[in-house]
Amino acid sequence: QDVLAKSFSGQISPASAQEVRKAMALTLTDYLIVPACLIGLAFAFLQFLIVKRIKLPGDEDEDSSDEEEIPLGDGPESAVPGIYARIMDGAQTFLRVEYMICAAFCTCFGLLIFFLISWGTGDYTQGLLTAIAFLTGAVTSMACGYLGMMVATFSNARTTLACANSGYTEGFNTAFRGGAVMGYALCSLGVLVLWILLTIYKAIYPDSSKWSILMDCAAGYGLGGSTVAMFGRVGGGIYTKAADVGADLVGKVVAGLEEDDPLNPATIADNVGDNVGDIAGMGADLFGSFAESTCAALVIAAATVQGSTESLTAAGWDALMFPVAISAAGIIVCILCSFVATNISPVKKMEDIEMVLKVQMVLTALLMLPVIYLLAVITLPETFALEGVRLKDGKPAHIEGSPFKAFICATMGCVGGLIIGLVTEYFTSHTYTPTRELATACKSGTAVNIIFGMSLGYKSCIIPVFVLAASIFVSFSLCDLYGIALAALGMLATLSCGLTIDGFGPIADNAGGIAEMALFPPEVRDRTDALDAAGNTTAAIGKGFAIGSAALVSLALYGAFVIRLEVKTGVNILEPTTFAFLLIGCMIPYWFAALTMKSVGKAAGEMVEEVKRQFSQVDKAGLQILTGSKEIKPDYERCIAISTKSSLWEMIAPACLVILSPLLAGTFFGVQAVFGLLTGSLGSSVQLAISMSNSGGAWDNCKKFIKNGFSEDPELRYVKNPKTDEEKAAAPKAKDAHDAAVQGDTVGDPFKDTSGPALNIVMKLQAIVSLVFASYFASINNGGGVFSVADL
């Protein structure tokens, strides 16, 4: 701080200058982190160049990107550039407006951070550095989301052409590489920017005794990433599901159209939604998880351990940077494993797709374990003291860590995430019994399908919660709160691979939509549907990882908040204020889910009315869109405008609820109220997020199971134009089952793509807001709040 002040006045002494040079000197972890990030960025660029080799018709024509009317009768490949341009333009328009709103909010919130933290700590430098870190995290998150969306949109049309011209191998590789660009660019950029931020802040606080303040300031980076993620997840989720539900209800159920029939006015908006919700929103969400888990680990590691000189801070910068080193090493491990999917064991037939993706996840998780152990042995001292909240005989317990204990904590997270992912696959993939039972329930109608689907979601919570509980117990027993932060980082260590697979699904989904809108032969759509079905399952697995990591991240941030307040006696939930706000915290996720679900319902209702209006229009010849009118064409832009306007307006209230609830509780009722709020919100959000995401994923794959004819039961094989006697006899019941599955899927859409995933951010964002404003809360009546309800 003195160095910063003197640097502005030009009065740095030789001793101070020497401290700065020493602080800026690169250490062992720096030589790992920076090259790993640069290799990750280079690999992402290489994947982009490989995808770019597939040329769209008219790529050499300067005017090929102009939006033209989608030709419904010309050759399929000639229609692709026009469809691609519409999807790209719609996604860019939405993100441009959304990020303008985010930028305005983040600027105002950054000023609030500066003033409140400066006032709470009495230190304007700390307030300024926290605000800068917040804005840096927000800008990085927006850049990563926009980059991911652009590359995914760039890859979708090329995946369609690859499936049409080269079959499964090239189609899979194109979608996989498109997802890889986002995965590796996001992780590499996120780690690199955090490293730059920490290196600059270390020059401002060169003395290791000030590193706890340094890490408090750096926590703003996680808050910035998570704030943008909230807007991206909620806004993008409302957009995509408003279009999807509207297109399904009128297009499929009423008009009997296929999934992405070009006659459906909402189909372009639906495909745009896949990019802004499932790509940009999901990327920002997982970027926030990485940033927050790393910041939580750094804050806990840098905390001063009273009565001990063996803390991680005393051990040096390398020991402190162990959490960042895990994320950097994960980039390299994921790069090496990616060649298994594209080169060593490529996809050759439909049955290979899901297995190849699953091998990717399992292989990267297993290879990370020896890497984490090696990093722990190299960077951490043989024993080190940790600040924690565990009590022994009514006094703070002495917590001693070691490289092996740190390795076990990270392993619990890495293996626990893998188990949660595989359990999620079991409950959501139509390969297994639960989703097939759901399909059978569709024979009894929509109501029974929805009852079975909700039951499936609730049941799917059991094993993941036990796994999380075991991870938390073991990690906390070994290294207290630092162990929980390492478990979260272990779960996110293979984030590059997870994001690649997550991005693969929406790219394949868009590729299928383009194939149908361009009227490619059915076999092309069959290939893209196979990619999409596998992508849906792996996306559900990715959501399982995200929810599990969010629970651990939230708990780690909660612990960092408690340590930052220097609470030595633990948190007593039987305190009246704490218990009262625990109940309120349990309610927050339901309030949030209600707001987002209602928003999707309202926007979808508008979309349904607009599609019906367009279908009802009659031209001079008495023809409508569905009966072959040459005069009336689907108005795609009108549907895109409805989704854009609805989502941008509706995302404000849920975001404000999450961000302001801990801020208001801490300001008026004190830190005990925040303790209760975070405890209740965490416990409630985990269960609700898992059940909603898995119910929605199962309903989606149930629909695909019936639509694509995977069942041996003819009454569960939907054929639009039956030919055999068996198909004709079963057609009425098969259509009823298909309609019930579609209607169940429309209920599941906001479950799995809006409310469910956004609940990850609810628990994380409330915790990181509390951590960043900890000093402000503590300064108000000794942590008692304006009303002095209960102080520290």
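The values are calculated or read from the model by the stated rules, or taken from the named source; none is laboratory data. Please read all numbers here as calculations on a predicted model, not as lab measurements. Using ideal geometry, Cβ is built from the backbone for each residue, glycine included, and neighbour counts are taken over all protein chains shown. Please note that ligands, DNA and RNA were not included when accessible areas were found on the heavy atoms of the full protein model with its side chains. Shrake-Rupley method; radii C 1.70, N 1.55, O 1.52, S 1.80 Å.
The figures follow:
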{"item": "Which listed pairs, of Lys252/Lys598; Lys543/Lys598; Lys703/Lys728; Lys55/Lys707; Lys620/Lys720, have C-alpha distances above 26 Å, in listed order", "result": "Lys55/Lys707; Lys620/Lys720"}
{"item": "Set of lysines with alpha-carbon distance to Lys405 below 22 Å, sequence-local pairs under 8 removed", "result": "Lys392"}
{"item": "Amide H contacts of Gly401 (H built 1.01 Å from N, under 5 Å, at least 5 apart or other chain)", "result": "Phe384, Ala385, Leu386"}
{"item": "Simple label model, 7 Å out from Cα along Cβ direction - Ala397 to Val362, nm", "result": "3.6"}
{"item": "Sparse-neighbour loop sites [GluC sites (Glu not before Pro); region 666-735; at most 10 other C-beta within 10 Å; DSSP]", "result": "Glu712"}
{"item": "Contour excess over end-to-end distance, with Cα ends at Lys733 and Asn781 and 0.36 nm allotted per residue", "result": "10.5 nm"}
{"item": "Cα-centre dipole for region 263-360 with unit charges at Cβ (Lys and Arg positive, Asp and Glu negative), debye to 20", "result": "240"}
{"item": "Dipole-positive endmost among Ala518, Ile584, Leu552 within region 494-607 (Cβ charges, Cα centre)", "result": "Ile584"}
{"item": "Rounded to the nearest 10 Å², the accessible area of Met412 at probe 1.4 Å", "result": "50"}
{"item": "Nearest-0.05 FRET efficiency for Phe115 and Val618, computed from C-beta distance (R0 51 Å)", "result": "0.25"}
{"item": "Charge dipole (debye, nearest 20) of the chain; +1 at Cβ of Lys and Arg, -1 at Cβ of Asp and Glu", "result": "1520"}
{"item": "Probe 1.4 Å, all protein chains present, accessible-area order of Thr294, Thr169, largest first", "result": "Thr169, Thr294"}
{"item": "List Trp591, Trp195, ordered by accessible area with a 1.4 Å probe, largest first", "result": "Trp591, Trp195"}
{"item": "For region 90-138 and region 660-701, distance of Cα centres in Å", "result": "23"}
{"item": "Low-density loop positions, trypsin sites (Lys or Arg not before Pro), region 713-745 - DSSP coil, at most 14 other Cβ in 10 Å", "result": "Lys720, Lys723"}
{"item": "Test item: Cα-centred dipole of region 685-771, Lys/Arg +1 and Asp/Glu -1 on Cβ, debye", "result": "240"}
{"item": "Accessible area in the full protein assembly, largest first, 1.4 Å probe, for Glu354, Glu98", "result": "Glu354, Glu98"}
{"item": "20 Å-binned pair-distance histogram of the chain (Cα, whole percent)", "result": "17, 51, 27, 5, 0"}
{"item": "With all protein chains modelled, accessible area of Tyr482 [1.4 Å, Å²]", "result": "0"}
{"item": "Ala641/Trp591 FRET efficiency (R0 30 Å; Cβ-Cβ; nearest 0.05)", "result": "0.55"}
{"item": "Calculated FRET efficiency for the pair Ala203/Thr383, C-beta based, R₀ 30 Å, to 0.05", "result": "0.50"}
{"item": "Charge context of Val191, other residues only, Cβ under 15 angstrom, K/R +1, D/E -1", "result": "-2"}
{"item": "Accessible area of Phe105 in the full protein assembly, 1.4 Å probe (Å², nearest 10)", "result": "60"}
